[in-house]
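For reference, the structure is listed below as structure tokens.
A short reminder: the numbers here are calculations on the coordinates, not readings from a lab. Keep in mind the model is a prediction, meaning the values are calculated, not measured.
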Amino acid sequence: MGHFEVVKTLDILIEHFFWPHMKRDVEIICSKCVTCKKAKSTVKPHVMYMPLPVPNEPWTDILMDFILGLPRCTYFIPSRKTDDATHIADLFFREVVRLHGIPKTIVSDRNVKLLSHF
């Protein structure tokens, strides 16, 4: 099971358990979770962000991200949250490289799926 915030953790627990002061106990546990604190750190990186250059040709420089709620005009490849890096790489080659060739650069967030085997 992953690391959830108080509300989601309570929702899951309430389905199966009850004890007095359950909300208070969950709040205390979540406030002490080291993994959650690292994931939700407010420390800003010490790197200056630079704007991306405007590409000279289409599909030579691409951006990859795992997001929801895209507008219809956006080119997207459906995938599942549970897809591993190998499957994402297969999708990339089947849907992007096959149609447009290998890009010179790929800009992405530091998603685990993109950093592992991709």
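A cut-off of 5 Å between modelled amide H atoms, ignoring neighbours fewer than 5 places along the same chain, links residue 79 with no other residue. To make sure I understand the rule: partners must be aspartates and glutamates, Cα under 13 Å from the Cα of residue 23, and not fewer than 8 residues away in the same chain. Which ones qualify? Answer for residue 23, where 13 Å is the Cα cut-off: 5, 11, listed by chain and number.
Please list the non-local residues whose amide H lies under 5 Å from the amide H of residue 108, H modeled 1.01 Å from N, same-chain partners needing a gap of 5 or more. Under 5 Å from the amide H of residue 108 lie the amide H atoms of 64, each far enough along the sequence or on another chain.
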